[in-house]
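Sharing a structure, written as structure tokens. Questions coming.
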Amino acid sequence: MNQNIAIDGPAGAGKSTIAKLLAKKLNYLYVDTGAMYRAMAVYFLRQNLKADMEQEIKEACQQVEVEITYKEEEQQVILNKENVTCFLREEETGKMASAISIYPAVREKLVDLQRTLAKKTDVIMDGRDIGTCVLPDAMLKIYLTAQVEARAKRRFLELQEKGIECDLEEIKEDIKQRDYQDMNRETSPLRQAEDAICIDTSQMTIEQVIETIMNLHKKKMEEKNL
């Protein structure tokens, strides 16, 4: 069995940043499941579908293929043979991805692909339901979180660095709304797995978070005599 790592948590907790760095240190395959949902969101938006059009979205899923490849150690997300990586971090795409992730048809399509990847090699996956649904048998499960204020400030600074005008209070309210959606959806809601270790990153640097998880990983490997 592969020694997979599942990292779950709310939006803006630093899951992707941490998972990418860990993957490089441990020589694991990093799978950004959120990017896969965002790729589907890109497709639906291009088809002029709205988030509440569940039946149309279900039918459209049949026309979508999402692949993960790597180029010069950077993850590339391929949507129907087109590299859409550069479109994935747009605000509209993020909101659409969060909204459509509640639909069983969307989740079933991507979960199958994610599980297939995890069977082939050691992976680190981050998302909302990796430890509870996608990889319930993962060797190490982490629930990465942070206070709303800390997450909003990080997003605010990130957008500012890109030269994008933004309002801190609006970002804060958007994060609260996304938290509510993720935690209260019917299908695979965001929650901490019973055997996951919670890490609050509000007052931690990236290096401190990495060191904490590396130590947890080392302990797990020692327990399994690997």
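Taking segment 144-196, which residues are among the acidic types (Asp, Glu) and touching a strand residue (DSSP E or B) at 6+ places or on another chain (Cβ under 7 Å)? Before the answer, list the steps.
Pass one, segment 144-196, residues among the acidic types (Asp, Glu): 149, 158, 161, 165, 167, 169-170, 173-174, 179, 182, 186, 194-195.
Residue satisfying the conditions is Asp195 alone.
I need the full set of residues from segment 116-132 which are crowded, with 23+ Cβ neighbours inside 10 Å and not in a helix (DSSP H, G or I), in order please.
Val123, Ile124, Met125, Asp126, Gly127, Arg128, Asp129
Here's a follow-up. Search segment 28-51 for residues being free of Cβ contacts under 8 Å to residues at least 40 places away in the same chain and not aliphatic (A, V, I, L, M), and hand back the single one that is nearest to Cys133 (Cα to Cα).
Restricting attention to segment 28-51, the residues satisfying the condition of being free of Cβ contacts under 8 Å to residues at least 40 places away in the same chain are 43, 46-50.
Right, trim to not aliphatic (A, V, I, L, M) and you get 43, 46-48, 50.
Working: Tyr43: 24, Arg46: 29, Gln47: 29, Asn48: 30, Lys50: 26 Å.
Only one residue tops the list, namely Tyr43.
Here's the yes/no breakdown for (1) in contact (Cβ under 8 Å) with a residue 60 or more places away in the chain; (2) surrounded by 15 or more Cβ atoms within 10 Å (Cβ to Cβ):
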residue: Leu135; (1), (2): yes, yes
residue: Tyr143; (1), (2): yes, yes
residue: Glu161; (1), (2): no, no
residue: Glu165; (1), (2): no, no
residue: Asp195; (1), (2): yes, no
residue: Ile199; (1), (2): no, yes
residue: Lys224; (1), (2): yes, no
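Let me ask you something else. Find all pairs meeting these conditions: Cβ atoms under 9 angstrom apart; at least six residues apart or on different chains; first residue within segment 173-190 and without any contact (Cβ under 8 Å) to a residue 24 or more places away in the chain; second residue assigned to a helix (DSSP H, G or I) and among the polar types (S, T, N, Q).
Between residues of segment 173-190 that are without any contact (Cβ under 8 Å) to a residue 24 or more places away in the chain and residues that are assigned to a helix (DSSP H, G or I) and among the polar types (S, T, N, Q), the close pairs are Gln177/Ser98.
Could you list, in sequence order, the residues of segment 53-69 that are without any contact (Cβ under 8 Å) to a residue 24 or more places away in the chain, over 20 Å from Gln114 (Cα atoms) and among the charged types (D, E, K, R)?
Glu56, Glu59
When the residues of segment 103-113 are narrowed to those that are in contact (Cβ under 8 Å) with a residue 40 or more places away in the chain and more than 14 Å from the chain's Cα centre (by Cα), which ends up nearest to Tyr37 (Cα to Cα)? Talk me through it step by step, then tell me what you get.
At the first step, the residues of segment 103-113 found to be in contact (Cβ under 8 Å) with a residue 40 or more places away in the chain are 103-107, 109-110, 113.
Within this subset, residues satisfying the condition of being more than 14 Å from the chain's Cα centre (by Cα) are 103-106, 109, 113.
Values: Tyr103: 11, Pro104: 13, Ala105: 12, Val106: 8, Lys109: 10, Leu113: 12 Å.
Per the stated criteria, the residue is Val106.
Scan segment 70-78 and give yes if some residue there is surrounded by 12 or more Cβ atoms within 10 Å (Cβ to Cβ), touching a residue at least 12 places away in the same chain (Cβ under 8 Å) and within 21 Å of Tyr103 (Cβ to Cβ), otherwise no.
First, the residues of segment 70-78 that are surrounded by 12 or more Cβ atoms within 10 Å (Cβ to Cβ): 75-78.
From what's left, touching a residue at least 12 places away in the same chain (Cβ under 8 Å): 75, 77-78.
Adding the requirement that they be within 21 Å of Tyr103 (Cβ to Cβ) leaves 77.
Taking every residue of segment 70-78 in turn, at least one turns out to be surrounded by 12 or more Cβ atoms within 10 Å (Cβ to Cβ), touching a residue at least 12 places away in the same chain (Cβ under 8 Å) and within 21 Å of Tyr103 (Cβ to Cβ).
Here's another thing I want to ask about it. Select from segment 197-218 the residues that are touching a strand residue (DSSP E or B) at 6+ places or on another chain (Cβ under 9 Å) and in a helix (DSSP H, G or I) and list them in ascending order. Even if it seems obvious, please write down each step before you answer.
If we filter segment 197-218 for residues that are touching a strand residue (DSSP E or B) at 6+ places or on another chain (Cβ under 9 Å), which is where we start, we get 197-202, 209, 212-213, 216-217.
Val209, Thr212, Ile213, Leu216, His217 - these are the residues of segment 197-218 that are touching a strand residue (DSSP E or B) at 6+ places or on another chain (Cβ under 9 Å) and in a helix (DSSP H, G or I).
Of Thr132, Thr187, Thr116, which residue is closer than 18 Å to Gly34 by Cα and either touching a Pro at 6+ places or on another chain (Cβ under 7 Å) or charged (D, E, K, R) (or both)? Outline the logic, then answer.
On the way: Thr132 fails: either touching a Pro at 6+ places or on another chain (Cβ under 7 Å) or charged (D, E, K, R) (or both); Thr116 fails: either touching a Pro at 6+ places or on another chain (Cβ under 7 Å) or charged (D, E, K, R) (or both).
On inspection, the qualifying residue turns out to be Thr187.
Can you name every one of the strands (runs of 3 or more DSSP E) wholly within segment 1-115 that holds 2 or more residues which are at pLDDT below 90?
On the way: elements: 5-8, 29-32, 66-71, 74-79.
Because the criterion is at least 2 residues that are at pLDDT below 90, the strands (runs of 3 or more DSSP E) in segment 1-115 that meet it are 29-32, 66-71, 74-79.
Matching residues to (1) in contact with a helix residue (DSSP H, G or I) (Cβ under 6 Å, 6 or more places away or on another chain); (2) charged (D, E, K, R):
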{"site": "Glu170", "(1), (2)": "no, yes"}
{"site": "Asp174", "(1), (2)": "no, yes"}
{"site": "Pro189", "(1), (2)": "yes, no"}
{"site": "Thr212", "(1), (2)": "no, no"}
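Still on this structure: Condition test on Ala13, is it surrounded by fewer than 20 Cβ atoms within 10 Å (Cβ to Cβ), closer than 17 Å to Gln181 by Cβ and among the hydrophobic types (A, V, I, L, M, F, W, C)? Talk me through it step by step, then tell me what you get.
Numbers: surrounded by fewer than 20 Cβ atoms within 10 Å (Cβ to Cβ): no; closer than 17 Å to Gln181 by Cβ: yes; among the hydrophobic types (A, V, I, L, M, F, W, C): yes.
Considered against the rule, which asks whether it is surrounded by fewer than 20 Cβ atoms within 10 Å (Cβ to Cβ), closer than 17 Å to Gln181 by Cβ and among the hydrophobic types (A, V, I, L, M, F, W, C), Ala13 comes out as no.
The values are calculated or read from the model by the stated rules, or taken from the named source; none is laboratory data. Note that this is a predicted model, so its numbers are computed, not measured. Neighbour counts are summed over all protein chains in view; Cβ atoms, including those assigned to glycine, are modelled from backbone coordinates with ideal geometry.
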